[in-house]
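The next block holds one structure in the form of structure tokens; read it before the comments.
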Amino acid sequence: MSRDFIPDRFRDQVALGVGGAQGIGKAIAVRLGREGARVVIADIDRPMMARAAGELSDEGGRARQVLCDVRKPRQVNRMVEQAVRWHGRVDVLMYIAGVGKTAPFTRTDERHWDWTVDTNLKGAFLVARAVVPHMIKRRRGKLVFMASTNSWDAEAELAPYNASKAGVFLLAKTLARELGPYGINSNAVGPGLIRTRLTAPLLKDRKFMRKYQNLIPLGRVGEPEDIAGPATFLASPDADYVNGVLLFVDGGQLA
Ligand SMILES: NC(=O)c1ccc[n+]([C@@H]2O[C@H](COP(=O)([O-])OP(=O)(O)OC[C@H]3O[C@@H](n4cnc5c(N)ncnc54)[C@H](O)[C@@H]3O)[C@@H](O)[C@H]2O)c1
């Protein structure tokens with residue numbers, strides 16, 4: 001799906017897209033690159049990261065890649081140091097990495113809980129903690145975290161995912177309060193149902209889809225590009241006075 005872009009909106013800006021190898025993260029990374037940002041993609045999936053960087057350069061943008069598991073503090077710190085070594089700073093942090101799978105609550109084991117919460121929430125904390133000191137020094141920066149409609153509206157059989165995404169929103173809000181005085185904005189995006197690898201099993205489930213589509217006033221599932229525009233808006237100068245919000249992008253599902 002093609003979307004207009006705003007040439008040079010992120011010119012001379014350095015954007016770190018964590019979880020940018022595919023799906024929503026890739027759409028955001030490509031959009032930032034098309035609009036002039038120097039993009040660093042960090043992800044655990046090396047082949048998909050290479051493909052995303054290739055796509056970005058086909059579009060005339062530039063992207064560097066760093067392999068990083070966001071659950072590992074040392075890897076996170078090294079990844080941020082590398083981005084700063086390459087480009088001298090980070091103007092925009094997009095924290096997009098996320099995982100989830102359904103399971104009845106009584107069959108949700110600790111491994112499942114830790115995998116989800118460590119990736120979605122602890123990773124957001126670790127990455128922000130590594131990036132923010134660099135932003136404080138320059139007294140500017142934009143933090144954008146990937147939350148979800150599930151930050152607000154619980155879905156059955158997704159306890160760790162729902163809890164982690166609610167946590168991501170409150171982390172974004174906390175940082176909005178704490179870092180606003182340093183000229184740093186912190187916001188979150190809350191996608192509804194978007195067509196990606198994460199949702200592929202649900203999208204194949206006809207019964208689920210019949211029910212779900214009725215819940216979306218716009219009557220369709222979203223595409224990753226539907227999220228790229230709102231997410232990059234929050235990172236742009238147009239959002240200089242937007243701080244501490246969760247911007248739902250869900251076709252009206254929560255209306
Ligand atoms: N697709 C949706 O309907 C939807 C809805 C609401 C929120 N979200 C959120 O949007 C974000 C992107 O999801 P998506 O649908 O594009 O999924 P996706 O699976 O296509 O992309 C997720 C990315 O995160 C990376 N990742 C996972 N674990 C990681 C780790 N430990 N370290 C580093 N990178 C890691 C993956 O390799 C992948 O590139 C997630 O946070 C997800 O929770 C998605």
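Side notes on the structure shown:
- Contacts under 6 angstrom Cβ, first residue in segment 226-238 being free of Cβ contacts under 8 Å to residues at least 40 places away in the same chain, partner assigned to a helix (DSSP H, G or I) and aliphatic (A, V, I, L, M), 6 or more apart: Phe233/Ala239
- Where a residue in segment 206-219 is assigned to a loop (DSSP other than H, G, I, E, B) and its partner, wherever it lies, is among the acidic types (Asp, Glu), with Cβ under 8 Å and at least six apart: Ile216/Asp250
- Residue within segment 107-114 that is open to solvent by less than 80 Å² (accessible area, probe 1.4 Å) and either closer than 26 Å to Met49 by Cβ or within 15 Å of the ligand (Cβ to nearest atom) (or both) present: yes
- Scanning segment 1-21 for residues that are within 10 Å of the ligand (Cβ to nearest atom) and either more than 14 Å from Met146 (Cβ to Cβ) or open to solvent by 30 Å² or more (accessible area, probe 1.4 Å) (or both) yields no hits at all.
- Any chance Ser164 is within 10 Å of the ligand (Cβ to nearest atom), in contact with a strand residue (DSSP E or B) (Cβ under 7 Å, 6 or more places away or on another chain) and of a type in the set (S, T, N, Q): no
- Residue-level check: of (1) surrounded by fewer than 22 Cβ atoms within 10 Å (Cβ to Cβ); (2) within 14 Å of the ligand (Cβ to nearest atom), Ala97 misses just (1).
- When each of Ile28, Ile24 is tested for being assigned to a helix (DSSP H, G or I), within 12 Å of the ligand (Cβ to nearest atom), in contact (Cβ under 8 Å) with a residue 60 or more places away in the chain and open to solvent by 20 Å² or more (accessible area, probe 1.4 Å), the lone residue that passes is Ile24.
- Considering residues of segment 181-195 that are open to solvent by 30 Å² or more (accessible area, probe 1.4 Å) and away from the ligand (no atom under 15 Å from the Cβ) only, the residue farthest from Gly25 (Cα to Cα): Pro181
- Search result, residues across segment 128-161 that are within 15 Å of the ligand (Cβ to nearest atom) and open to solvent by 30 Å² or more (accessible area, probe 1.4 Å): Trp152, Asp153, Ala154, Glu155, Ala159, Tyr161
- Taking every residue in segment 59-82 that is open to solvent by 60 Å² or more (accessible area, probe 1.4 Å) and pairing it with any residue that is assigned to a helix (DSSP H, G or I) and of a type in the set (Phe, Trp, Tyr), at least 6 positions away or on another chain, the pairs with Cβ-Cβ distances below 9 Å are Arg64/Trp86; Arg71/Trp115.
The values are calculated or read from the model by the stated rules, or taken from the named source; none is laboratory data. Predicted model only: the values in this text are computed from it and were never measured. FYI the Cβ positions are ideal-geometry reconstructions off the backbone, even for glycines, and counts take in every protein chain you see. Accessible surface areas use protein heavy atoms only, side chains included; no ligands, DNA or RNA. Shrake-Rupley method; radii C 1.70, N 1.55, O 1.52, S 1.80 Å.
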